[in-house]
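Reading through the structure tokens given below for one structure.
The values are calculated or read from the model by the stated rules, or taken from the named source; none is laboratory data. Predicted model only: the values in this text are computed from it and were never measured. Using ideal geometry, Cβ is built from the backbone for each residue, glycine included, and neighbour counts are taken over all protein chains shown. Ligands, DNA and RNA are stripped out before the accessible areas are found, and what is left, the full protein with its side chains, is counted by its heavy atoms. Shrake-Rupley method; radii C 1.70, N 1.55, O 1.52, S 1.80 Å.
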Amino acid sequence: MREEQKTPAANIAEFFGVNRPTSRRGFLKLSAATAVAIYGANILAGSGAKAANGMYILENAKGVLVSDPTRCVGCRRCELACTEYNDGKASPTVSRIKVARNLNYGPQGVQFGFQRGEGKYGNFLVIQDMCKQCPHPVPCATACPNDAIEVKGPVNARVVNTEKCVGCKVCQRACPWDMMCFDEEIGKATKCTLCDGHPQCVEVCPTGSLRFVPWRDLTKENRTRQPGMLMFNDGCKGCH
Amino acid sequence: MATYGGWTGKTLRVNLTTGKITAEDTFKKYKDYLGGTGLAYKVLWDEVPIGTRAHDEANKIIFGVGPLAGTGAPCNSRTAVTTIWPCGYPDIYVATGHFGGHWAAELKYAGWDSVIIEGKAPHPVWLCIEDDKVEIRDARRLWGNGIYRTTAEINAEMGPEAQVAAIGQAGENLVANSAIITGYSHSGGGSVMGSKNLKAIGVRGTGSVKIAADKKEWKKLIQYALTLAGSNNQHVVPAEPQPWAEYYDPGSRWTGGIGVFWGAANPPLETGACDPHDMQSLGLRCQKGIKDFGREFGEKHTVRMGGCHACPIRCHAQMDYPPLEEKYGYSRYAANTCLGWSAGSSVFMSFSGPDRLIKQSEAKLLGKHLNDDYGIWDNYGLMEKMFQYAYEKGILKRILPEAEYKSIPWDLYESGDPAFLLDFYRRIAYREGVLGKGLGDPADKTIEEWGFAEDFFKKTKWKYWKMGHPYHHSTEDSAQIGALINMQYNRDSQNHSHTNLQNSGLPIEVVKRICAKVFGSPDAIDAKGKWTPMNKYKAKAAKWASIRKELHDSLSLCNWMYPWVTSPLKERNYEGDTALEAKYFSLATGIKMTEEELDLVAERIFNLHRCLTILEMNTRDMRNKHDIAPDWVFEDGGEPFTPGSNRLTREDIELAKDLFYQECGWTREGLPTRATLERLGLGYAADRLEKAGLLG
């Protein structure tokens, strides 16, 4: 089958089941996720009409978070502000800015020669991961089978509408930067809302490492953490 | 069951002998003791027989974490490691070590308030905590490895986000002066883990810590609190003049400033003026590399500042020094703070030659790697002092077998070559020979066996305080207050409540004015080096400092930062807020407590430690057997109470004890009375002391 003839469903199945290198433990987790993926894929396959109606073309965001890792000291007060000031609890897992996962060894994780890598156990560089507020096609919003990821003013952040979210986690797989979060305690996905234009993480950063700037497209210049939707997005004609 | 914020509600108990893993109700058993040391003292009181030795299977080691760990309350994520402390001799008593890092917060996110370890595994194991899934895993393949590799291996298994606290070869080999380390943060007590065949505890938590109060109210409190923070040790004025600052003090750890850099950052980063109103420079005001290595070397090689979870005041200098790799085969990147650095350089008597500062800095950096990888704890500097003393007095030549003496690279030592440390620390970690065993053993054992003379206890420079431990912010820091605090514990005091106040950097008139409000009189504090005789307000301050230390160790706040009596804010007349702990606690947990009410809980914890020590020592004469100061306090230095002299008189210290005991509600022997214990909700302790004939 030639690449462009693949159905989105086949692409997604391949992405979840085949293309992704896994450890044994990772595979067990993935098996459960595959079931969800196929469910999600069917909806996506059937959503072409919707796409033809232009429902997935989301207006660009007006702002985006950027960081200067040189200044980051790894205190994680940004993660705390994100969840304490928005959700009333401290939870790095739910935090929409991600520092903890890069803190010890950098984005590459534990590697041979880790002492020359990044992070606290390497050269001390701490990389902060933030939502890119992607332009169309927005991977998380496109993947969501319930259209639960919507644009919200005043800064046009892509936000999860918790009324619509059913907690299927397809969006988590879709984001190439692994920036979708899931709050197990409420069973809903969540993501960076830019705090309606006053990002708490930026306000609390004790070294000025984070900034909220006018939006520009960061999706082409940042390392991805997982293949995400980029792997099976076969151009505009897949949807239009 | 009532639910609270802050705590997770579950305490983990792991029996390594049986492999049984249980969850206990934190509130039911330990709420009145908060967590941390409070919880741990209660466990030891209830469960560990008096007379248990540190390495006995019956000893327990408690990784105590409190309700504020994992929250956004600034400077939390400290773990109090409490156990029957291995460094005493001939008898050993309860004590606590403390590590920072991100471990405590991770434990809370995993859903656990504290971890109680008991028994002894049949073979080396490590404990894997992944949320509510807790497993004892085989560590035979890890045994024998240093802490660096152990940590990485466990991270490879659990994922890079896991926080790992591990022991090295020193802990495995039951070296008393050994450490438990997580991310370059230390606690002592490594050999207790080693004796239980427990190599490490890895923690990964994906849950949350709830804040009971409304999120807006919590945010308001945190924002307010952060305006009151100083630099490391709550030094509230900068070290050099800054445009915003009315005062400065060269001794301050507020070392960030205009023209001060993280020189090895790429590109180099200027810390800037660090105006206390600028919340985005909080993390820049402590340039600890300068403090630990001197301006030139420190500034040039600092990559950034690191530290613990949720703490905006970064006290770990993260250094890049390529020759470490080229010359010694260790990573060029090294991070630590204070004694973590000075351990290596203070092994040497001195450094000479034009490159002496380089040699000294290299010794710090290399010493850090060796200590942190082998997991050696230098007894807050006493280990090196003992080595220096034994060398200087010719003791080593006398007591070491000739072959062993000759095998030591003395040429490297005498030329101040840091490479000497490669040999030196290996001997300690593996208990090699008389030297290695002696330096790793409890100090008093070695002092006895090596035959140290009386003069060792008569000079401040050898650092010895009591019970095999050195002084730690004692008379040189706060005269009688420092002395009283150094008497209270069964190890070096690890208390900073008083030194944070004494060394705030503010002019003494300002500090005295603030102390008048807090302690009832400006006489509670003296200008440094201009000490005055003892008075009751100093006793009040000493008691307050002691109970606040326990409060911090139980809530999981950093006593290296709190309490905040002073602040950097001129508009507040430099006043801090001593009620911050109570405010955090009330909002986070939902249990409303005033400062006084929470201090009462702290006093309960402090007294439980006292009762435990009394039972262990089995003496009514705590005054003369436990609460002691070394001879140098009374004999070293100029005339007492003359400017520049830290010397005190014996009569004055006896008066200090009297006044302190009165404040604490203890008898002249230093024993808590029944009335005191019942006031603190410790009637059961009074009963037990009475039965043993030890009640005041």
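Here is how the numbers come out for the structure above:
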{"read-out": "Qualifying residue in region B:381-390 (condition: under 19 Å from the mean Cα position of the chain (by Cα), assigned to a loop (DSSP other than H, G, I, E, B), on the phi > 0 side of the Ramachandran plot and not assigned by TED's automatic domain parsing to the domain that holds B:G101)", "value": "no"}
{"read-out": "Which numbered condition B:K592 fails, given (1) outside any helix (DSSP H, G or I); (2) open to solvent by less than 10 Å² (accessible area, probe 1.4 Å); (3) farther than 30 Å from B:Y247 by Cα", "value": "(2)"}
{"read-out": "Residue match in region B:66-75 (condition: farther than 28 Å from A:T93 by Cβ and open to solvent by less than 10 Å² (accessible area, probe 1.4 Å))", "value": "no"}
{"read-out": "Count of region B:468-486 residues which are buried (at least 24 other Cβ atoms within 10 Å of the Cβ) and within 15 Å of the chain's Cα centre (by Cα)", "value": "7"}
{"read-out": "Output for region B:326-370, where each listed residue is within 14 Å of chain A (Cβ to nearest Cβ) and basic (K, R)", "value": "B:R332, B:K368"}
{"read-out": "Candidate set: region B:614-644, residues that are of a type in the set (V, I, T), closer than 25 Å to B:E476 by Cβ and in contact (Cβ under 8 Å) with a residue 60 or more places away in the chain; chosen: the one surrounded by the fewest Cβ atoms within 10 Å (Cβ to Cβ)", "value": "B:I628"}
{"read-out": "Only one of B:Q234, B:Q223 that is outside the structural domain of B:P74 (by TED's automatic domain parsing) and closer than 30 Å to B:V164 by Cα", "value": "B:Q234"}
{"read-out": "Boolean, B:A310 is in contact (Cβ under 8 Å) with a residue 40 or more places away in the chain, out of contact with any helix residue (DSSP H, G or I) (no Cβ under 7 Å at 6 or more places or on another chain), of a type in the set (G, A, S) and within 14 Å of chain A (Cβ to nearest Cβ)", "value": "no"}
{"read-out": "Which listed residue, of B:Y380, B:Y391, B:Y374, is open to solvent by 30 Å² or more (accessible area, probe 1.4 Å) and touching an Asp or Glu at 6+ places or on another chain (Cβ under 7 Å)", "value": "B:Y380"}
{"read-out": "Region A:108-122, subset assigned to a loop (DSSP other than H, G, I, E, B) and open to solvent by 40 Å² or more (accessible area, probe 1.4 Å), residue nearest to the other protein chains (Cβ to nearest Cβ)", "value": "A:V110"}
{"read-out": "Checking B:D91 against (1) open to solvent by 10 Å² or more (accessible area, probe 1.4 Å); (2) modelled with pLDDT under 95; (3) within 14 Å of chain A (Cβ to nearest Cβ), the condition it does not meet", "value": "(3)"}
{"read-out": "Every residue from region A:198-229 that is surrounded by 17 or more Cβ atoms within 10 Å (Cβ to Cβ) and in a loop (DSSP other than H, G, I, E, B)", "value": "A:P199, A:C205, A:P206, A:T207, A:G208, A:S209, A:W215, A:L218"}
{"read-out": "Helices (runs of 4 or more DSSP H) completely within region B:279-330 that count 3 or more residues being open to solvent by 30 Å² or more (accessible area, probe 1.4 Å) and more than 27 Å from B:A73 (Cβ to Cβ)", "value": "B:295-301, B:323-328"}
{"read-out": "Test: residue in region B:195-204 that is under 30 Å from B:S586 (Cα atoms) and in contact with a strand residue (DSSP E or B) (Cβ under 6 Å, 6 or more places away or on another chain)", "value": "yes"}
{"read-out": "Residue among B:I117, B:I154, B:I147 that alone is farther than 20 Å from A:G122 by Cβ, open to solvent by less than 10 Å² (accessible area, probe 1.4 Å), at pLDDT 95 or above and within 27 Å of the chain's Cα centre (by Cα)", "value": "B:I117"}
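Table: residues versus (1) under 19 Å from B:E476 (Cβ atoms); (2) open to solvent by 40 Å² or more (accessible area, probe 1.4 Å).
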site	(1), (2)
B:N646	yes, yes
B:A656	yes, no
B:Y661	no, no
B:G665	no, no
B:L677	no, no
B:G681	no, yes
B:L689	no, no
